[in-house]
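Q: The structure that follows is given in the form of structure tokens.
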Amino acid sequence: MTILITGGAGFIGSNLVKYALANGYKVVNLDRLTYAGNLSSLASVIESPEHVFAEGDICDAPLLEALFRAHQPRAVMHLAAESHVDRSIDGPDDFIRTNVAGTFTLLEAARRYCDGLSGDERARFRFLHVSTDEVFGSLGNDGYFTEASPYDPHSPYSASKASSDHLVRAWGSTYGLPALVTNCSNNYGPYQFPEKLVPHITLSALAEKPLPVYGDGGNVRDWLHVGDHCRALMAVLERGRVGETYAIGGSSERTNVSIVQTICGILDELRPRPTGGASYRDLIRFVADRPGHDRRYAIDASKLRNELGWKPSRAFEDGMSETVKWYLGNGDWVNGILSGAYRLTRIGTGRHDAR
């Protein structure tokens, strides 16, 4: 079975590509290789005969049609997206282009391809759209997001992803495209671009830089290891019901400041500060909050568990320790990222000079 995976050189995408290949799938991997796309994340599979890499843009309709025609995929797993909230505050135009217009272009190419299939081939085709829990807005102190939660996006990023979710569902109900949607909680794990919280704090601490915590640090997220996310996505692709949405969460709610403190504790044990005796926690600095910062996210993944038999396999503490160790042990990958334009600086303040 051939799968077209978009965004397969990114964080979740590269992990998913390797997971799919390890489970017997052939993968056509389409990625534009923007700042967050990294072929070194695919080094172990880049030469595999079952992996076809295509550098290109999901907004390029002729390219998409050529890929569908040449490779005849049985499924699309759509992960290509601009994904960082802070970056969307500084430059929302890229998010509208990729997440909204790009998803539309991909949906149209998939619809034309699917309409050309017949019999069992059409019945088996799937379009899986990978989205985020951020589309639901902010929870209070209690309760959980479910597949029925109303949309209430508060950032350009979440608004663009909400738009793409609605497009996918509309193409399913209007044109009969056999589509599914997933909304996941915060991912962590290997190969994550260092503007995201876990690698950002890890690498900033090692560089003896201040560790910024937005606001009072009490914002809560539900954390999911990327390996568990990949297992969930494949379960939805293989056994999910067409037209349904599945929420994916790690059942690991943590405040942002506790995440930072956890990482500092792991580093204190594995790579003590050269100053001797001091903890990385001493580098924590509370800074002005992000505009429109949602207070709490939490996912109820019982539908996924009950229908498809999925549940997280990694305890948060074990997964976070593994992740920090991965960044410590993969300096070549890290240095390849940091040698470019990204320098562990803050973005997303809403000021044009924030970069």
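Q: Any idea what the relative contact order of segment 44-180 is, in percent, if you count C-alpha pairs under 8 Å spaced at least 6 apart?
A: Numbers: 159 pairs, mean separation 39.1, N = 137.
Worked out over segment 44-180, it gives 29 percent.
Q: Could you check which residue among D300, D31, D165 shows the biggest mean-square fluctuation in a GNM of the chain with a 10 Å Cα cutoff?
A: With Cα springs under 10 Å in the chain, the top fluctuation among D300, D31, D165 is at D300.
Q: Scan around S131 for amide H atoms under 5 Å from its own, H built in the peptide plane at 1.01 Å from N, and keep only partners 5 or more places away or cross-chain.
A: Result for S131 returns T182, N183, C184.
Q: Considering the chain as a Gaussian network with a 10 Å cut-off on Cα pairs, which listed residue, A162, A278, A170, attains the greatest mean-square fluctuation?
A: A278
Q: For a quick check, take a GNM of the chain with Cα springs below 10 Å and name the residue from S321, S44, S173 with the largest mean-square fluctuation.
A: Top of the fluctuation ranking is S44.
Q: Along its three principal axes, how long is segment 1-147 when you only count alpha carbons? Whole Å, largest extent first please.
A: For segment 1-147, the Cα spread along each principal axis is 47, 36, 30 Å.
Q: Here's something else I'd like to know. Using the Karplus curve 6.51 cos²θ - 1.76 cosθ + 1.60 with θ = phi - 60°, work out ³J(HN,Hα) for each residue of segment 281-286 in order, rounded to whole Hz, and write x for Gly and Pro.
A: These are the phi-based 3J(HN,Hα) values: 4, 5, 8, 5, 10, 7 Hz.
Q: Could you quote the convex hull projected area for segment 161-279, Cα atoms only and averaged over all directions, in nm²? Mind showing how you got there, number by number?
A: Details: hull surface 37.0 nm².
Computing the convex hull of the Cα atoms and averaging its projections yields 9.2 nm².
Q: Let me ask something additional. From the backbone phi of segment 54-59, what are the Karplus-calculated ³J(HN,Hα) couplings (6.51 cos²θ - 1.76 cosθ + 1.60, θ = phi - 60°) in whole Hz, Gly and Pro given as x?
A: Coupling constants for segment 54-59: 10, 7, x, 10, 5, 7 Hz.
Q: Normalising by the residue count of the chain, find the relative contact order in percent from Cα pairs under 8 Å and 6+ residues apart.
A: On the way: 665 pairs, mean separation 64.2, N = 355.
Reported relative contact order: 18 percent.
Q: Something else about it: Using the Karplus equation 6.51 cos²θ - 1.76 cosθ + 1.60 (θ = phi - 60°), what ³J(HN,Hα) coupling, rounded to whole Hz, does each residue of segment 62-67 give in order, writing x for Gly and Pro?
A: x, 5, 4, 4, 5, 5
Q: For E253, enumerate residues with amide H under 5 Å from its amide H, sequence gap 5+ or separate chain, H modeled in the peptide plane.
A: Amide H neighbours of E253, under 5 Å, 5+ apart: W223.
Q: Before rounding to the nearest 500, sum -39500 (n - 2.57) across all DSSP H runs of length at least 4 in the chain and divide by the residue total; then give [θ] at 222 nm in deg cm²/dmol.
A: -12000 deg cm²/dmol
Q: Return the long-range amide H neighbours of R296 (sequence gap of 5 or more, or a different chain), with a cut-off of under 5 Å between placed amide H atoms.
A: Residues meeting the amide H criterion: L139, V220.
Q: Given A22, Y297, Y280, which one lies farthest toward the positive end of the charge dipole of the chain, if we put +1 on the Cβ of every Lys and Arg and -1 on the Cβ of every Asp and Glu?
A: A22
Q: Let me ask something else about it. Calculate how steeply helix 256-270 sits against the longest principal axis of the alpha-carbon atoms of the chain, using the helix alpha-carbon long axis, and give the answer as 0 to 90 degrees to the nearest 10.
A: Tilt of helix 256-270: around 70 degrees.
Q: Take the alpha-carbon centre of segment 286-308, take the same for segment 65-104, and report the distance between them in whole Å.
A: Using only Cα atoms, the two centres lie 22 Å from each other.
Q: Angle, helix 197-206 long axis vs. longest principal axis of the chain, Cα atoms, 0 to 90°, nearest 10?
A: Taking Cα atoms only, the helix is inclined about 40 degrees.
Q: Exactly which trypsin sites (Lys or Arg not before Pro) in segment 190-269 are in a DSSP loop and have at most 13 other Cβ atoms within 10 Å?
A: Filter output for segment 190-269: R241.
Q: Right, here's the next one. With +1 on each Lys and Arg Cβ and -1 on each Asp and Glu Cβ, how big is the dipole of the chain about its Cα centre, in debye rounded to the nearest 20? All intermediate terms of the calculation are to be shown ahead of the outcome.
A: Working: 37 positive and 42 negative charges, 44 e Å.
It comes to approximately 220 debye.
Q: Where the Cα atoms of the chain are projected onto their three principal axes, how long is each span, largest first, in whole Å?
A: That works out to 68, 45, 43 Å along the principal axes.
Read-outs throughout are calculated quantities, based only on the coordinates presented, and are distinct from any laboratory measurement. Nothing here was measured: the structure is a model prediction, and the numbers come from that model. Cβ sites come from the backbone with ideal geometry, for glycine too, and all protein chains shown count toward neighbours.
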